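Enquirer: One structure follows; several queries about it will come next.
The values are calculated or read from the model by the stated rules, or taken from the named source; none is laboratory data. Worth saying up front: this structure is predicted, and the values here are computed from it rather than measured. All Cβ positions, glycine included, derive from the backbone under ideal geometry; neighbour counts span all protein chains shown. When the accessible area is computed, the model is the full protein with side chains, heavy atoms only, and any ligands, DNA or RNA have been set aside. Shrake-Rupley method; radii C 1.70, N 1.55, O 1.52, S 1.80 Å.
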Amino acid sequence: MNETPDYLNPARFEPLRRYVPLAVWAITILTLLLIPLKIIGYGFIPPDDALRHAGKAVSGKTWQEVLVVNDTYKIDHEYGWSLLLEKIHAATNASAETIVIFSVVSLFVLVGLAALPWLRYPEAWLATLALSMIAALVPFRFLLGRPYIITIAALISVLLLWRRFGSARPKWWMAALMTALITASVFFHGTWYLWALPVAAFFFAGQFRWGFTLAGCWGAGIFLGSLLTGHLIDYPLQAIKVVLLATGMHLTQRTLATELQPNDGDLNTLFILGGLLLLRRLAGLNAPSFWRDPVFWLVLLGWTLGFKVGRFWADWGWPALMVLVVCDLQLLLTSRLAPDSFRRLALAGGVALITFLAVTSDARSRWTYNLTEQYLTADNPDLAGWMPEKGGIIYSADMGVFYHTFYKNPQADWRYMVGFEATLMPREDFEVYHKVHWNFGDNKAYTPWLLKMKLADRLVIQGGRGSPPGIPQLEWNYGISGMWIGRLPNHRQGGAPVTVHASETIDSLTNSASSTH
């Protein structure tokens, strides 16, 4: 009988077993670091708020110097995040693009690592990320470089803290940690009022001691976060005013900002919850009952309120569902695999590979769609004379025009009528914006803006190359692909430019038409 070669003898590898947990942790952390680097390597740039945050950091301006805003908006409602990016730019002279890359990578790593301190089997978190990507592209939102990700990371930490220690009375250090997390959320993100959701979830679950503790931490976090901004009263008060404007001024939900529009329910949620119930039963997992679990109640609250505003589900319900999933997966792994098992190491490697490929997959060009994006830039010779002049205003009913143009021209000496939230405009201008969207972009809806335009201003409208927008009061140039720039006719007297309003152009066209009859 042949004997097993010594190098294949399992006993030879026994001394290596003690390194298995360390190897699993290394694989998990490395995967979480490589995912955003791979995606940035595609050339991915987020489409919206990450661009305007980077632009503001480079510009050195206040929002009042960038946008035409009403009297409500006086303090940056993401005060801490803007301050951090401004300090980074001041210290390193980083460009807007570099700041966007920093935002994408750092915030994904933050939310990716937020779960790990509370887990014994970190590969369960990788599996959860893969599942959430396949089911609903949730990690895509973790890669948009926006400060709401700080709130999500804080929420995940609070929920996992309870799952780890919820059977005991909350200790002082737990309260201190929850207060610090909520303080960071308030300071960097500003939407302090939404922490009412997890507080309510604890009470619905009957976890009153923890509920009262979290409520106290919430109050302390609001106070400390607002105090750090230097606007103890005005900062949280403005947040309420802004959200009331953003949700209350629209006559129909389809004209709301996309993330404030309702969703129609995420059916995959029901499948996942059903799968967890089946897993618990078949595997005999010692998991807390859904009805006594505030994490489940937050899932239920987020899913239900998502029918009104989609972000309740995207930013609060889904992260809570991920916590449910990761905790049950960890219970399963704990019951089936020893911490130093080589099978565990193999499983972790396989899960890491699947997670990396699932999140970084460029299916439907989700990470490369922006590579063909063109930008309106002041230094483009083809746009000479067509960008706003000093002190001018860009009028547009498309927020993308603001995001992209401000990102590429952060120090330009003009302002934007429409910025990152339409209801921050003066009311009469919001009514124009709303009417444009209400009428699906009808050119006649722009008339009040045309009556206000001066020579320095520009109107930017999306459209195909074939023909300019049907607004004859303006001269038009097909500036970049899919974008028309309109300006007033540049009348001059004695070589000096004369300020001409569109109302004068309309009158002259009317008079000219009358004289021909």
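Enquirer: Looking only at helices (runs of 4 or more DSSP H) that fall completely inside segment 382-498, which ones have 3 or more residues that are under 24 Å from Met249 (Cα atoms) and under 29 Å from the mean Cα position of the chain (by Cα)?
Expert: 399-408, 427-438
Enquirer: Tell me which residues, restricted to segment 171-189, are open to solvent by 40 Å² or more (accessible area, probe 1.4 Å) and either in contact with a Phe, Trp or Tyr (Cβ under 7 Å, 6 or more places away or on another chain) or farther than 29 Å from Trp81 by Cα (or both).
Expert: Of everything in segment 171-189, those that are open to solvent by 40 Å² or more (accessible area, probe 1.4 Å) and either in contact with a Phe, Trp or Tyr (Cβ under 7 Å, 6 or more places away or on another chain) or farther than 29 Å from Trp81 by Cα (or both) turn out to be Lys171, Phe188.
Enquirer: Turning to a different aspect of this structure: Within segment 53-69, does at least one residue satisfy the condition of being touching a residue at least 12 places away in the same chain (Cβ under 8 Å), touching a Ser or Thr at 6+ places or on another chain (Cβ under 9 Å), open to solvent by less than 20 Å² (accessible area, probe 1.4 Å) and more than 22 Å from Val418 (Cβ to Cβ)?
Expert: The answer is no; no qualifying residue exists.
Enquirer: Residues being more than 12 Å from Val325 (Cα to Cα), assigned to a helix (DSSP H, G or I) and open to solvent by 50 Å² or more (accessible area, probe 1.4 Å): count how many of those fall in segment 272-296.
Expert: 5
Enquirer: Let me ask something else about it. Taking into account only those residues within segment 247-267 that are open to solvent by 50 Å² or more (accessible area, probe 1.4 Å) and among the hydrophobic types (A, V, I, L, M, F, W, C), which is nearest to Val418 (Cα to Cα)?
Expert: Going through the qualifying residues, I end up with Leu251.
Enquirer: For Leu245, state whether it is within 24 Å of Glu431 (Cα to Cα) and outside any helix (DSSP H, G or I).
Expert: No, not satisfied.
Enquirer: Taking interchain pairs and intrachain pairs at least six residues apart, which have beta carbon atoms under 7 angstrom, with the first residue in segment 278-298 and farther than 15 Å from Phe208 by Cα and the second open to solvent by less than 60 Å² (accessible area, probe 1.4 Å) and acidic (Asp, Glu)?
Expert: Sorted first by the residue in segment 278-298, then by its partner, the pairs are Leu279/Asp328; Arg280/Asp328; Leu285/Asp328; Ala287/Asp328.
Enquirer: Looking for whichever is of a type outside the set (Val, Ile, Thr), closer than 26 Å to Leu357 by Cα and at pLDDT below 95 here; the options are Asp48, Asp6. Which one fits?
Expert: The conditions single out Asp48.
Enquirer: A further question on this structure: Would you tally the residues in segment 151-170 being outside any loop (DSSP other than H, G, I, E, B) and open to solvent by 10 Å² or more (accessible area, probe 1.4 Å)? Let's see the steps before the verdict.
Expert: Our first condition is that a residue be outside any loop (DSSP other than H, G, I, E, B); within segment 151-170, this holds for 151-165.
Next, only the ones that are open to solvent by 10 Å² or more (accessible area, probe 1.4 Å) stay: 157, 162-165.
Here the count works out to 5.
Enquirer: Can I ask one more? Just for segment 190-220: of the residues that are open to solvent by 10 Å² or more (accessible area, probe 1.4 Å) and not in a helix (DSSP H, G or I), which one is farthest from Phe296 (Cα to Cα)?
Expert: By that ranking, first place goes to Thr191.
Enquirer: Across segment 96-111, which residue is surrounded by the fewest Cβ atoms within 10 Å (Cβ to Cβ) among those that are touching a helix residue (DSSP H, G or I) at 6+ places or on another chain (Cβ under 7 Å) and under 14 Å from Phe406 (Cβ atoms)?
Expert: Only one residue tops the list, namely Val100.
Enquirer: Considering only segment 435-471, state which residues are over 23 Å from Glu389 (Cβ atoms) and crowded, with 20+ Cβ neighbours inside 10 Å.
Expert: Correct list: Val436 only.
Enquirer: Name, by its number, the condition in (1) farther than 30 Å from Met425 by Cβ; (2) over 22 Å from the mean Cα position of the chain (by Cα); (3) touching a residue at least 12 places away in the same chain (Cβ under 8 Å) that does not hold for Thr252.
Expert: The single condition Thr252 does not satisfy is (1).
Enquirer: Kindly indicate whether any position in segment 348-370 is assigned to a helix (DSSP H, G or I), of a type in the set (Phe, Trp, Tyr) and out of contact with any Pro (no Cβ under 6 Å at 6 or more places or on another chain).
Expert: Within segment 348-370, one or more residues are assigned to a helix (DSSP H, G or I), of a type in the set (Phe, Trp, Tyr) and out of contact with any Pro (no Cβ under 6 Å at 6 or more places or on another chain).
Enquirer: If a residue must be open to solvent by 40 Å² or more (accessible area, probe 1.4 Å) and in contact with a strand residue (DSSP E or B) (Cβ under 6 Å, 6 or more places away or on another chain), how many such residues does segment 359-397 contain?
Expert: Count: 1.
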